[in-house]
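A short worksheet on the structure shown next.
What follows is calculated from the coordinates using simple rules that are stated; it is not laboratory data. If you're wondering where the values come from, they're calculated on a predicted model, not measured in any experiment. Note: ideal-geometry Cβ built from the backbone for every residue, glycine included; neighbour counts use all protein chains shown.
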Amino acid sequence: MGLFSFAKSIGKKLGFGDDEEPKVEELKKELDSHGLGTDKVQVEVVGGKAVLKGSVADQATLEKAVIAIGNTAGVEAVETELVVEDAPDKAEKEPTLYTVVKGDNLWKIAERHYGKGKGTKHTLIFEANKPMLSDPDKIYPGQVLRIPPLEG
């Protein structure tokens, strides 16, 4: 189980007011709109916290579900109680998440996480955040991104 913090006032607006608690139906619809394979995930809302329960196929789907919900206006935290079906112990692992700051771009973020001279790995970060990111040049301060591990 993990608890991840987000900026409540930043993110995609789903039609509810700034002072309103996000609605479960709207958050589930947003999650499902990304086609991540989260049909076995239930969403609950407690205050500004979204709670994800159920199961997902793999760790990447869990992480994408967290950022899809967390990068929604009105959500200040996402708690996960998900079973990861392809994990031997069915447990979720702690993902590496990064909050974008002013002046960031994916190249800089890749060098910060993977090391100097590895900016070309920015495409891995972009791919790891699709379909929530549709353009590698459209990231904004406060947005939370998944940082996938480098293979080998």
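Can you list the aspartates and glutamates whose alpha carbon is less than 17 Å from that of Lys93, not counting same-chain residues fewer than 8 positions off?
Lys93 reaches Asp58, Glu63, Glu79, Glu81, Glu85, Glu151.
Could you give the size of the charge dipole of the chain about its Cα centre, using +1 on the Cβ of each K and R and -1 on the Cβ of each D and E, expressed in debye and rounded to the nearest 20?
Computed charge dipole of the chain: roughly 600 debye.
Excluding same-chain residues fewer than 8 positions from Lys8, which lysines have a Cα within less than 22 Å of its Cα?
Reachable lysines: Lys23, Lys28, Lys29, Lys49, Lys53, Lys64, Lys102, Lys130, Lys138.
Which listed residue (Gln59, Gly103, Thr72) has the Cα farthest towards the positive end of the charge dipole for the chain, taking +1 on Lys and Arg C-beta and -1 on Asp and Glu C-beta about the Cα centre?
Selected residue: Gly103.
What is the chain by shape, rounded, prolate or oblate, if you read a ≥ b ≥ c off the alpha carbon gyration tensor as root eigenvalues and call it rounded for a/c under 1.5, prolate for a/b larger than b/c, and oblate otherwise? All intermediate terms of the calculation are to be shown ahead of the outcome.
Numbers: a/c = 2.00, a/b = 1.23, b/c = 1.62.
The shape class here is oblate.
Out of segment 99-131, which trypsin sites (Lys or Arg not before Pro) are coil in DSSP terms and have no more than 15 other C-beta atoms within 10 Å?
Numbers: sites: Lys102, Lys108, Arg112, Lys116, Lys118, Lys121; in loops: Lys102, Lys116, Lys118.
Hits after loop and neighbour filter: Lys102, Lys116, Lys118.
Classify segment 86-125: rounded, prolate or oblate, from the alpha-carbon gyration tensor (a ≥ b ≥ c, eigenvalue square roots; a/c under 1.5 rounded; otherwise prolate if a/b is larger than b/c)?
Details: a/c = 3.39, a/b = 2.09, b/c = 1.63.
Taking the square roots of the gyration eigenvalues as a ≥ b ≥ c, segment 86-125 is prolate.
Kindly state, to the nearest 0.05, the FRET efficiency for Glu111 paired with Lys23, given R0 = 30 Å and r defined as their beta-carbon distance. Could you put the intermediate results ahead of the total?
Values: r = 39 Å, r/R0 = 1.31.
Given R0 = 30 Å and the Cβ-Cβ separation, E is 0.15.
Among Gly117, Gly74, Gly37, which one shows the biggest mean-square fluctuation in a GNM of the chain, springs joining Cα atoms closer than 10 Å?
Most flexible of the set in this elastic network: Gly117.
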